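To start, the structure itself, in structure tokens.
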Amino acid sequence: MPLIKNGAAVQDPWFAATTESDLDRSGPLLVPLELWQQHRDRLVGRVGPLGVRLASAQSPALIAADLDRLDLVALEFPKFTDGRAYSYARLLRERHGFTGEVRAVGHVLRDQIAFMLRCGFDSLEVDERAAGGWQSATTAFSAWYQPATDAQAPIPARRRYAVPARTSQSVIRSEPVRTADAAELAVCAATWAY
């Protein structure tokens, strides 16, 4: 399956281990949680990048103590209606402070790519159809209502901290606008009302 990472289709360097005999391979190794739990000490001592794949029913809390040893956490989407991996990606980034690669695997649809990237995923294992449209999926929206792990300010924050400008563009500030003129305040409120 194609892999999308850092805005481009790339070759996947990771080998997905499925059995104990696969653990002796060199290079980047991705293991399911069950193999990680059974052979943790052996895997921690190996040379090379290491990752763990979590099924949708497996919380990142199961590997939280070992995240500093991992380079990749792959979160599975078994079907498009199962969104637990979105929450798990945010937990990895925000609660556990994981800075390594978070990968979406499984049933990854083109329509969900932009949301996955906002939740903390930085690589996506997609099918051929999604690979063809991933770029348009990431640029379909320019503003968001919900806060996320990315650096984009959501629309309510933009409205709250925008300064009425004499041009068509607004200036974003870190502090709310304070104005003494009631007429100017009414114009600002009418402009930003929704």
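The values are calculated or read from the model by the stated rules, or taken from the named source; none is laboratory data. Just so you know, these numbers come straight off a predicted model, no measurement behind them. A quick note on method: Cβ atoms are made from the backbone with ideal geometry, for glycine too, and the neighbour counts reach across all protein chains shown. Note: accessible area is taken over every heavy atom of the protein model, side chains too, but ligands, DNA and RNA are not part of it. Shrake-Rupley method; radii C 1.70, N 1.55, O 1.52, S 1.80 Å.
Give the residue, chosen from LEU43, LEU67, that is among the aliphatic types (A, V, I, L, M), farther than 26 Å from ASP127 by Cα and in contact with a His (Cβ under 8 Å, 6 or more places away or on another chain). Result of the check over LEU43, LEU67: LEU67.
Considering the stretch 41-75, the residues that are of a type in the set (Lys, Arg) and either open to solvent by less than 40 Å² (accessible area, probe 1.4 Å) or in contact with a strand residue (DSSP E or B) (Cβ under 8 Å, 6 or more places away or on another chain) (or both) include one that is farthest from ASP22 (Cα to Cα), namely ARG69.
ASP24 meets the conditions (1) open to solvent by 30 Å² or more (accessible area, probe 1.4 Å); (2) touching a residue at least 24 places away in the same chain (Cβ under 8 Å); (3) not hydroxyl-bearing (Ser, Thr, Tyr) in every case but one. The failed one is (2).
Yes/no per residue for (1) among the polar types (S, T, N, Q); (2) surrounded by fewer than 20 Cβ atoms within 10 Å (Cβ to Cβ); (3) free of Cβ contacts under 8 Å to residues at least 40 places away in the same chain:
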residue	(1), (2), (3)
THR81	yes, yes, yes
ARG84	no, yes, yes
THR99	yes, yes, yes
HIS107	no, yes, yes
ASP111	no, yes, yes
CYS119	no, no, yes
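Just one of (1) farther than 13 Å from LEU72 by Cα; (2) surrounded by 15 or more Cβ atoms within 10 Å (Cβ to Cβ) fails for GLN38. It is (2).
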